[in-house]
Amino acid sequence: MKKLIILFLLFTIHYSLFTPAQAAEAPKRIISLAPSMTEILFALGLEDRIVGVTSFCDFPEEAKKKQKIGGMSNPSLEAVVSLKPDIVTMTTDGNPKEFEERLRSLKIKTYVFRARQIPELAQGIREMGLALGIKEKADALAKDMETSIDKLKQRRSSIKKKKVLFIVWPDPLIVAGPGSITDNAITIAGGENIAAESKSSYPKYSIEEVIHQAPDIIFIGRGMSQENIREVSKGILKRLKSVPAVKNKKVFYVSDYLYRLGPRTVKGVEELAGYMEQQR
Amino acid sequence: MKIRMIIIILILMLIFGISLILGPRIINPFFMDEISKEILFSIRAPRSIVAILMGMALGASGAVLQGILRNPLADPYILGISSGASLLAALGIIGGMTIFGTFTVPVLAFIGAVATGSIVGMMGWRKGGFWPERLLLAGVGLSFLFSALLMLMMSISTDEGMRKAMLWIFGDLSMSEWSRIPYGLIFVAAGVVISASRAKALNALILGDEFAHSLGFSPHRERFILFISVGLMTAASVSLGGMIGFIGLLIPHMIRFFIGSDSRVLIPASALGGGALLCIADLISRSILPPMELPAGVITAIIGSPYFLYLLRRKNVLSI
């Protein structure tokens, strides 16, 4: 056990000391191991240098045309190696740590994106820019994001705090809990997430508790199954019919911007803020 | 024996009552505001009834199957019925199907269960007989196939789709509502009544086909009837709320310890015991970490298995 802790500490120190320092020259062949990474790389204008993405990287449209290297939790080591990347970008949120270790043992450079919540996003992008040798562009993107978020924060003071529930999946009821990007977004947009007290970021939530907590607004993430989410939600909305949000028709279906921490996240916050402002 | 049956019925009723009052918040049944009334009548009551129905189906099916397969390890899931149900349900969840509206997943699960049950039944039928070993092996074989297909589907789906499917497969009672109960009730009641009415034949079958024959029962025919009733109960149970482990396998053994192995009592008592255990496990799963809910199947095994092992230490009988 002790050994493990020491190993873990060594790794952490190793990362924090060396990852940013590897920024010597700009890598030419980049592999992305997460949809959010792909989006950030595209937003930084690195489209031409991306040589591989996961099979879940579907945004922007051009990402779908890139070579696929497998899934997020099970990327193919062979596919990654055979693409001869200069650097592999990955996240702590979905990519297995062992995969990163394997890559390192094969002398493949990696960059691990550590930001997991909105307040850390801009800084994460700055550090990534440093590692990829495009500091200015990354700084500009980060600055942009910070400005938009600040603007939203200023606007919220004029909104009366509303109780909000964000449904990630209606059957069974999974909601956005503390530590999720969506929870950050609700707070930034000036709402109060009624699920903030639960113990995991995407808890299976008690329907009784929703009725007790009586949210004023319910958001339902359209997610990937865009066409039929309304159909699937009918059951849960029927059961929540006495809740103010449902009674007053304050149930909104929102895009999947908030499911990935990347360039579209800010848009996702703006979307929530927009609906919440209408409710003044 | 009568007294013990009455005790089990009373325990079940008591647990049902408690499950209505307790939960993430306690409801005082004598002073209820609008919200409490709504929670009690349209959320807790249907949920507890579904839990009891599922538990009854699993308990009774387990008792019957252990008898017709003459195997103390048999449980309703060993015939592959649940893996067929899970496969179709996961397909519906991951594929985002809505062909039957909000009933899509339960209906798909039921279809999967019945289809699998029929295949197993056909494989078990050979040379004008209905053979327990063939049933068992066909069930195990199909289970492996369907589990592999399920895993294949999960590994190519997104993490989001996988999580949703997993939650369903682990057993989820949170979406129980009144509209699902009549369907469940019909199948579970039919299954329990049919199997209880063939209990005498089952007693004879356990002692051997020749013995059953000499008592005037046709072993293959009796097995077939019992198999159908088990299939219906299991299908209904899986479709009501996914897979719940432990109950079908161990409740019949626990009932044998307490009441005895006469099928005439064992079947109804296993049904009642299964219902009681699942109802209390569901109560715990929704109350212990509010506002989160845990899968009820995890709780049944966590509270049930140690108790079962304790009984196994104390008593020295373990037969079918």
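P(r) tail, segment A:104-152: Cα-Cα pairs separated by more than 18 Å, 37% of all pairs. About its Cα centre, the dipole of chain A is roughly 460 debye, where the only charges are +1 on Lys and Arg Cβ and -1 on Asp and Glu Cβ. With a 10 Å cut-off around each Cβ of B:158-170, the average count of Cβ atoms from other chains is 4. Look at the dipole of the protein assembly as shown built from charges on Cβ: of B:Phe146, B:Ala296, A:Val251, the Cα furthest out on the positive end belongs to B:Ala296.
So for segment B:202-320, averaging the separation of alpha carbon pairs under 8 Å that are six or more residues apart and normalising by length, what relative contact order in percent results?
Working: 81 pairs, mean separation 29.4, N = 119.
After rounding, I find 25 percent.
In what sequence, highest mean first, do B:104-112, B:46-54 appear when ranked by Cβ atoms within 10 angstrom?
So the order, starting with the most tightly packed, is B:46-54, B:104-112.
Spatial offset of segment A:125-168 relative to segment B:267-320 amounts to 49 Å, using the alpha carbon center of each. When both bridge partners sit in segment A:151-280, DSSP labels roughly 25% of those beta bridges antiparallel. Take the alpha-carbon centre of segment A:195-257, take the same for segment B:14-84, and report the distance between them in whole Å. Each part reduced to its Cα centre gives a spacing of 25 Å. The peptide list A:47-53, A:244-250, put in order of mean Cβ contacts within 10 Å with the highest first, becomes A:47-53, A:244-250. Along the axis of the charge dipole computed for the protein assembly as shown (Cβ charges of +1 for Lys and Arg, -1 for Asp and Glu, origin at the Cα centre), the listed residues A:Pro119, B:Thr116, B:Cys279 are led at the positive end by B:Cys279.
Taking 19 Å as the straight-line reach from the Cα of A:Lys163, the aspartates and glutamates in range (excluding those fewer than 8 positions away in the same chain) are A:Asp183, A:Glu192, A:Glu197, A:Glu208, A:Glu209, A:Asp216, A:Glu270, A:Glu271, A:Glu277.
Magnitude of the Cβ-charge dipole of chain B, K/R +1 and D/E -1, about the Cα centre, nearest 20 debye?
Numbers: 23 positive and 15 negative charges, 179 e Å.
Charge dipole, chain B, about its Cα centre: 860 debye, nearest 20.
Which entries in A:Lys153/A:Lys241; A:Lys68/A:Lys135; A:Lys161/A:Lys199; A:Lys137/A:Lys162; B:Lys2/B:Lys200 show an alpha-carbon gap greater than 29 Å?
Among A:Lys153/A:Lys241; A:Lys68/A:Lys135; A:Lys161/A:Lys199; A:Lys137/A:Lys162; B:Lys2/B:Lys200, the Cα-Cα distance tops 29 Å for A:Lys153/A:Lys241; A:Lys137/A:Lys162.
From most to least packed by mean Cβ count within 10 Å, the peptides B:191-198, A:81-88, A:162-169 give A:162-169, B:191-198, A:81-88. On alpha-carbon atoms, Rg over Rh for segment A:154-262 using Kirkwood Rh? Radius of gyration relative to Kirkwood radius: 0.93. When the charge dipole of the protein assembly as shown is built from unit charges on Cβ atoms (+1 for Lys and Arg, -1 for Asp and Glu) and taken about the Cα centre, the candidate among B:Ala190, B:Leu91, A:Leu132 whose Cα reaches farthest toward its positive end is B:Ala190. For a modelled paramagnetic label at A:Thr92, 7 Å from Cα along Cα-to-Cβ, no residue of segment A:134-157 is in reach, as no backbone nitrogen comes under 19 Å.
Across peptide B:26-39, the mean count of Cβ atoms from other chains lying within 10 Å of each residue's own Cβ comes to 2. The value of relative contact order for chain A, using C-alpha pairs under 8 Å at least six residues apart, is 15 percent. Both radii are taken from the alpha-carbon atoms of segment A:97-218; with Rh as the Kirkwood radius, Rg/Rh is 1.10. Database remark: amide H of A:Gly223 closer than 5 angstrom to the amide H of A:Asp256 (H placed geometrically; neighbours at sequence offset of 5 or more, or on other chains; Pro and chain starts carry no H). Once segment B:202-259 is represented by equal point scatterers at the alpha-carbon sites, with solvent omitted, what log10 I(q)/I(0) does the Debye formula produce at q = 0.24 Å⁻¹? Here the Debye-derived log intensity ratios amount to -0.97. Applying D = kT/(6 pi eta Rh) to segment B:161-212, where Rh is the Kirkwood radius over alpha-carbon pairs, T corresponds to 10 °C and eta to 1.306 mPa s, the Stokes-Einstein value obtained is 111 µm²/s.
Annotation: the antiparallel percentage among DSSP beta bridges lying fully within the protein assembly as shown is about 30.
Placing +1 on each Lys and Arg Cβ and -1 on each Asp and Glu Cβ, with no other charges, gives the protein assembly as shown a dipole about its Cα centre of roughly 760 debye. For chain A, the equivalent ellipsoid derived from the Cα gyration tensor has semi-axes of 36, 20, 19 Å, listed largest first. Working value for segment B:163-320: equivalent-ellipsoid semi-axes of 31, 20, 11 Å, each the square root of 5 times a Cα gyration tensor eigenvalue, largest first.
How large is log10 of I(q)/I(0) for segment B:1-85 at q = 0.11, 0.14, 0.22, 0.25 Å⁻¹ when the intensity is taken from the Debye formula with one equal scatterer per alpha-carbon? Rounded to two decimals, the profile gives -0.48, -0.69, -1.02, -1.14. Taking the DSSP bridge list for chain A and keeping only pairs wholly inside it, about 20 percent are antiparallel. Computed over all pairs of different Cα atoms, the Kirkwood value for the hydrodynamic radius of segment A:196-257 is 12.6 Å.
In units of 2.2 N^0.38 Å, what is the alpha-carbon radius of gyration of the protein assembly as shown?
Numbers: Rg = 27.8 Å, N = 600, 2.2 N^0.38 = 25.0 Å.
After normalising by residue count via 2.2 N^0.38 Å, the value is 1.11.
Simple spin-label estimate for B:Ile7 and B:Met122 gives 4.8 nm between the two label positions (7 Å along the Cα-to-Cβ direction from each Cα).
Using only alpha carbons, segment B:48-314 has a radius of gyration to Kirkwood radius ratio (Rg to Rh) of 0.97.
For the segment A:161-169, counting C-beta atoms of other chains within 10 Å of every residue's C-beta and taking the mean gives 1. In straight-distance terms, cross-link reach from B:Lys127 covers every one of the aspartates and glutamates whose alpha-carbon lies under 20 Å from its own, apart from those fewer than eight places away in the same chain; here that gives B:Asp209, B:Glu210, B:Glu222. When only Cα pairs below 8 angstrom with a gap of at least 6 residues are kept, chain B shows a relative contact order of 32 percent.
Bear in mind these aren't lab numbers, they're just calculated from the coordinates by the rules spelled out. Everything numeric in this text was worked out from a predicted model, so none of it was measured. Note that each Cβ is placed from the backbone with ideal geometry, even for glycine, and that neighbours are counted across all protein chains shown.
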